[in-house]
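Presented below is the structure to which this report refers.
Quick note: the coordinates plus some simple rules give every number you see, no bench work behind them. If you're wondering where the values come from, they're calculated on a predicted model, not measured in any experiment. Cβ placement follows ideal geometry from the backbone for every residue including glycine, while neighbour counts extend to all protein chains displayed.
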Amino acid sequence: MKSQFKAQQGGKQNKGNTTSWIQEALFNRSIGSYFNPIVKGVLPAWDLAGRGQLARVVEIQKHNDNATTLRIQAPANWTGFVPGQYVTCEFEIDGVRRKRNYSISSPASLFEKLGQFEICVHRVEGGVVSNFVNDGLRRDTLFAISEAQGEFAAELQTHSLNGESVQRKPLLFLAAGSGITPIRSILSSGQHADSETYLVYNAANQESLVFSSSFKSLDENQEHFYFIPHTTREQASDKRLDAEGIKALCQHVEACEVFICGSNSFTQSMMDAVVSLGVKEEAIHFESFDSAVNASALTKEESHVHFVHSGKTANDNKAISVLEQAENLSLNPKNACRMGVCHSCTCTKKSGVVRNMLTGELSSPDEEEIRICISQAVGDVEIEL
Amino acid sequence: MNAAVELDRIFETVVTEELNKKGKHRLSEQDLEAFGKEMDALRKSVEEDLGQNDVDYMRRMIRLSRMSEIVGRVLIHISLDPFTWMLGVSSLSFAKILENMEIGHNVMHGQFDWTRDPELNSQNYEWDTVCDAESWRRTHNYEHHTYTNIIGKDRDYGYAVLRLSNDEPWRPAHSFQMIYFALLTGLFQWGVGVHEAEVEKLRKGEISFSDKKQFFKEFARKASRQTFKDYIFFPLLAGPFAPKVLVGNMMANLVRNVWASTIIFCGHFTEDAHTFTEEECENETRGHWYYRQLLGSSNFTGGKWLHVLSGHLSYQIEHHLFPDIPSNRYPEMSLKVQEICERYGLQYNTDSFLNQYKTVLKRVWKYSFPEKEAVQA
């Protein structure tokens, strides 16, 4: 996903004009970057080195052991969001900066009134950021956020769907687990207007149905709102939702505009199900995420290395380094020692797992800097080259 | 104890000592491999422990260096008496030393790439010296750290000016190398800046100027920026007091040059630091790479601030074994490295700063002269 962080000002950009020449001459970097360590002592919420103003955690609410809502004070210059959008958050955890996308879960009114919004973070097994937020995060923590992104429910904002007024269309929301977060924002902002609205919310058990009380009250107060919680692992008779199940919950599903949010596998299976029930593709809106964070879970026999900037992909499965794969595609990444000493070939791995060829160890699946001369792809990997 | 075993042990010790005297205690292939594995394990244990403290330490150093640069420049600027001016020069020298040694050198090694902070990224960093960071990363991080002390491949070995080993044939010009040494010390940043020009090869006609055009362009760009800062912009800012600022900045650069070169010479050119031939290092194993880094480097002891101001190059051995591990970890690693070396019977070259520097002077002097013919028995 494309990050909208402001361009990081490193050492050697903005060649050409006099001011930047003088900045480089006097500071060997931008003036903001030079003074940042000093200014930070006085104004900790400012990052003059490129990240701008930082967001602040103002309240932490634990729903259960595995889900926490953070109320966040947005920076003064943040432009706001449309319900259904997400933000990229960059936390510094034990010295390492880590970016994650989180959907906003709060109503638009909270931002309009107080300049705040909320995200709800579900614990992911082995996930560094989600575990940190659920266990170790403190109030007043400062972190960087991007502008809001995503098109999940952009059409609801304009009150027209495929050219028709929202009011005349029944809406079906299908959510699983943390996929509820953007839908919570949409519904609590009243984006569904007075349409006939079905919310089918899947979770392992009752306790995991975060926000269910607010949906219950919508169900009670709005004539055409139907909240249908669905547990998949509470009782022996529970099972995953399928086409039949959807049909039973929502009679005229084929007439609905469908909004799906959940893990990749959930989203895919729901899309197949509603298509089989006669829903047209243009009436399906979805937002999905990868729920696997376990390195070994991403390990595959077949490996594809995608070089993001050049658009090239290496499919060779041979035991060669990512550097050699890039060279075979006639990319010419900077490199020198080819044995992991000099760091010349350091570049960003956007996603995927690599093996350190010196020690045999597997990397995390996170976005991180790797030395491509001693890294070997394990499964699918994206490299910024 | 059995007399035969005892004799065996004595014999072993004598052989080891002899080998150590000659320079190299040869380890068997198996021992080299095991030695390498132990180094890898030590590296891993520290890598896994890296965290907030390490980043905070580096950020503190950066803040300290920036603040003392500002204080130094302001004091030089406003000084009306020699004492304030000296204070300013000291503060600016301190800032430059800290920035070059503990911050720039270490950050550019990739010691903080794991933090993903663009300010601490090895490939972005530019430092306060006429040496262009990109050129430094090529000549130092790559050439010097990969081919450490291999005569003919490590161009840092004597900087192509000094003869520091009999592996290099003596030429009459070497007679005056004490003078070159003094000049290199005072003008160190310029020496390092033009290092990549490979002047010795240009002179012999092995390479042409056009091969080095790109380098000279980069060098001119960086050197003009640095010159503008220290010798034009800040002096002019003081109007009629420009000479005072100009001299102050020159002094600060001189202090930094002398300090940096002294530290660096103590790292590889002490009396007992070994050199290697290209043949010895062909198809080198990881174990032998570690072994070469260990024997080619030398440490010196001292207090905390001596270590900080040397950029922890007082732990040159640890730095060469683990060039991309944050330098503030070298003291703790040093204890383990020494313990491992003892078990393998390997030299761990360390002494006080002063003693090590004396052996450097001795070495520069000694190799000014041609090799004495070996006395035939």
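A few comments on the model shown:
- Each peptide in B:48-57, A:138-147, B:142-151 receives the mean, over its residues, of other Cβ atoms within 10 Å, and ordering these scores from highest gives B:142-151, A:138-147, B:48-57.
- Modelled label reach - B:Glu282, point 7 Å along Cα→Cβ, segment B:140-166 residues with backbone N closer than 17 Å: B:150-153
- Bridging of B:Lys372 to aspartates and glutamates at a Cα separation below 15 Å is possible for B:Asp167, B:Glu168, once same-chain residues fewer than 8 apart are set aside.
- Using R0 = 51 Å, the C-beta based FRET efficiency linking A:Thr158 and B:Ala242 works out to 0.20.
- R0 of 25 Å, Cβ-Cβ distance B:Glu47-A:Lys334: FRET efficiency to nearest 0.05: 0.60
- Taking the charge dipole of the protein assembly as shown about its Cα centre, with +1 at Lys and Arg Cβ atoms and -1 at Asp and Glu Cβ atoms, the residue from A:Ile180, A:Val354, A:Ala248 reaching farthest to the positive side is A:Val354.
- Based on C-alpha pairs under 8 angstrom that are at least 6 apart in sequence, chain B has a relative contact order of 24 percent.
- Estimated distance in nm for a label pair at A:Glu125 and A:Leu358, the labels positioned 7 Å out from Cα along Cα-to-Cβ: 3.3 nm
- Nearest 10 degrees, 0 to 90: helix B:52-78 Cα axis against chain B principal axis: 40 degrees
- Helix B:242-268 axis versus longest C-alpha principal axis of chain B: approximately 10°, rounded to the nearest ten.
- B:Gln214-B:Lys366 pseudo-label distance in nm [points 7 Å out on the Cα-to-Cβ vector]: 4.1 nm
- Virtual spin-label span in nm between A:Arg139 and A:Glu244, 7 Å along Cα→Cβ: 5.1 nm
- Between B:Ser298, B:Ser208, B:Ser327, the GNM of chain B built on Cα springs shorter than 10 angstrom shows B:Ser208 fluctuating the most.
- DSSP-loop GluC sites (Glu not before Pro) across segment A:299-385, with at most 15 other Cβ within 10 angstrom: A:Glu301, A:Glu302, A:Glu361, A:Glu384
- Peptide A:338-349, shielding by other chains (average Cβ, 10 Å cutoff): 6
- Computed [θ] at 222 nm, helices only, for chain B once each DSSP H run of length n ≥ 4 contributes -39500 (n - 2.57): -17500 deg cm²/dmol
- Residues of segment A:368-385 falling in the label zone of A:Ile320, defined by backbone nitrogen less than 19 Å from a point 7 Å along Cα to beta-carbon, are A:371-385.
- Peptide A:17-26 shows a mean partner chain C-beta count of 3 within 10 Å per residue C-beta.
- Look at the stretch B:110-121: the mean tally of other chain Cβ atoms within 10 Å of its residues' Cβ atoms is 6.
- Value of [θ]222 nm, deg cm²/dmol, for chain A, DSSP H segments ≥ 4, -39500 (n - 2.57) each, nearest 500: -6500 deg cm²/dmol
- The calculated FRET efficiency for B:Asp56 paired with A:Asn101, based on their beta-carbon distance and R0 = 35 Å, is about 0.80.
- Spin-label zone in segment B:284-304 - amide nitrogen under 20 Å from a point set 7 Å from the Cα of B:Lys153 along the C-beta vector: B:284-298
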